[in-house]
Amino acid sequence: MAQQQRPMYQKVVEGLRRQVESGELLPGSQLPSDYDLGERYECSPSTVREAIKRLVNQGLLETRQGQGTFVTREIEPFVTDLSLDLEAGIAAGGEEGRTYPTMVAEQHRKGSVTSPQVAVLPCPADIAKLLKIDPSAQVIRRNQERYIDGTLWSLQSSYYPFEWANSKGAIRLLMAEDIREGTITYLAEALGFTQAGYQDWVTARPSDDNEQQLFGLPRDAAMFVIYRTAFTEDGTATRVTVTVFPADRNQFLYSYGAVPKGARDRGLGGSDQ
């Protein structure tokens, strides 16, 4: 019986796999166009697309909206600790109490944050519900990009009622510069708002076109979104901070009670050392 001929796309699959495994195609590098690959492998662009589809399903390649096809990068995840620091009464991770670069340095990596981009705008509906204000009310939004080891790792936007700056004097919220002591300390000094607690609402959704471009993500990559609402002792919501994390590079840890320090530091993604 005659041997069954292999599908043409398999030749492309094997050729591209060899290039990746040999290092000829490095992680993060972009593949030539479907047309150019078709000429190289003497096949149609549709055959190339079928091969790429199979390699994407195997995790070797990824396609990015409007950009092309790339060799999948190996990304070491960063673990954000959402646990409560019982002594400080705040979360050990996130923007609370410590600067982002300091938190990242504790995992022996380098963190950086862009200067805030500040805007005054009508309050988005989801933020209005959490701040318990009218959606037509004005809010101050402070946006920052957060990096680890030179790679964009998360986007953070904090929303404050405009009246905190307009009529109550917290004017530094309107300045496009870091509040070095942190907004918790600043609001306490400027307005007498002592943060008594916060609530984290964690959700997930597919990435949008802008996030795919910014983070270099494949289509429909998953995103974690954490809404953190801060409260004073009388229940006043002072701000909502929304942080968007690509799922390919972020993990979260939450500990409660008597958890050994090594286990808390390590989580699932860290080192035993």
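Take the conditions closer than 21 Å to Ala128 by Cα, out of contact with any Phe, Trp or Tyr (no Cβ under 8 Å at 6 or more places or on another chain) and without any contact (Cβ under 8 Å) to a residue 40 or more places away in the chain and apply them to Gln199. Does it pass? No.
Output yes when any residue across the stretch 39-52 is within 17 Å of Pro218 (Cβ to Cβ), of a type in the set (Lys, Arg) and at pLDDT 90 or above, and no when none is. Yes: one or more hits. Each residue in the stretch 236-260 was checked for being surrounded by 21 or more Cβ atoms within 10 Å (Cβ to Cβ) and of a type in the set (Phe, Trp, Tyr), and 1 pass. Among the residues of the stretch 202-211, are any surrounded by fewer than 19 Cβ atoms within 10 Å (Cβ to Cβ), of a type in the set (Gly, Ala, Ser), over 21 Å from the mean Cα position of the chain (by Cα) and in the same structural domain as Leu131 (by TED's automatic domain parsing)? No, every residue in the stretch 202-211 fails to be surrounded by fewer than 19 Cβ atoms within 10 Å (Cβ to Cβ), of a type in the set (Gly, Ala, Ser), over 21 Å from the mean Cα position of the chain (by Cα) and in the same structural domain as Leu131 (by TED's automatic domain parsing). For the stretch 67-78, the criterion of a residue being of a type in the set (A, V, I, L, M, F, W, C) and either in a helix (DSSP H, G or I) or loosely packed, with under 13 Cβ neighbours inside 10 Å (or both) is satisfied by no position.
Taken together, Arg109, Arg146 contain a single residue that is under 30 Å from Tyr254 (Cα atoms), touching a residue at least 24 places away in the same chain (Cβ under 8 Å) and assigned to a loop (DSSP other than H, G, I, E, B), which is Arg109.
Scan the stretch 162-190 for residues that are touching a Gly at 6+ places or on another chain (Cβ under 8 Å), farther than 26 Å from Ser112 by Cβ and in contact (Cβ under 8 Å) with a residue 40 or more places away in the chain and jot them down. Reasoning before the result, please.
So the first thing to find is which residues in the stretch 162-190 are touching a Gly at 6+ places or on another chain (Cβ under 8 Å), and the list is 182, 184, 190.
Right, trim to farther than 26 Å from Ser112 by Cβ and you get 190.
Selection gives nothing.
Across the stretch 203-246, the number of residues qualifying as over 30 Å from Pro27 (Cα atoms) and either of a type in the set (D, E, K, R) or touching a residue at least 60 places away in the same chain (Cβ under 8 Å) (or both) comes to 11. Filtering the stretch 1-53 to residues that are buried (at least 18 other Cβ atoms within 10 Å of the Cβ) and under 23 Å from Ile75 (Cα atoms) leaves Leu16, Val20, Leu25, Leu31, Ile52. For the stretch 128-161, filtered to residues that are over 14 Å from Gln117 (Cβ atoms) and small (Gly, Ala, Ser), the residue that is nearest to the chain's Cα centre (by Cα) is Ser154.
Taking only the stretch 124-140 into account, find how many residues are farther than 18 Å from Phe231 by Cα and part of a strand (DSSP E or B).
Residues of the stretch 124-140 farther than 18 Å from Phe231 by Cα: 124-125, 135-138.
When the remaining residues are screened for being part of a strand (DSSP E or B), the result is 138.
So the count comes out to 1.
Restricting attention to the stretch 261-270 and to residues that are surrounded by 10 or more Cβ atoms within 10 Å (Cβ to Cβ) and among the charged types (D, E, K, R), the residue that is modelled with the highest pLDDT turns out to be Asp265.
The values are calculated or read from the model by the stated rules, or taken from the named source; none is laboratory data. Small disclaimer: the values here were computed from a predicted structure and weren't measured. Glycine also receives a Cβ, built like all others from the backbone with ideal geometry; neighbour counts cover every protein chain displayed.
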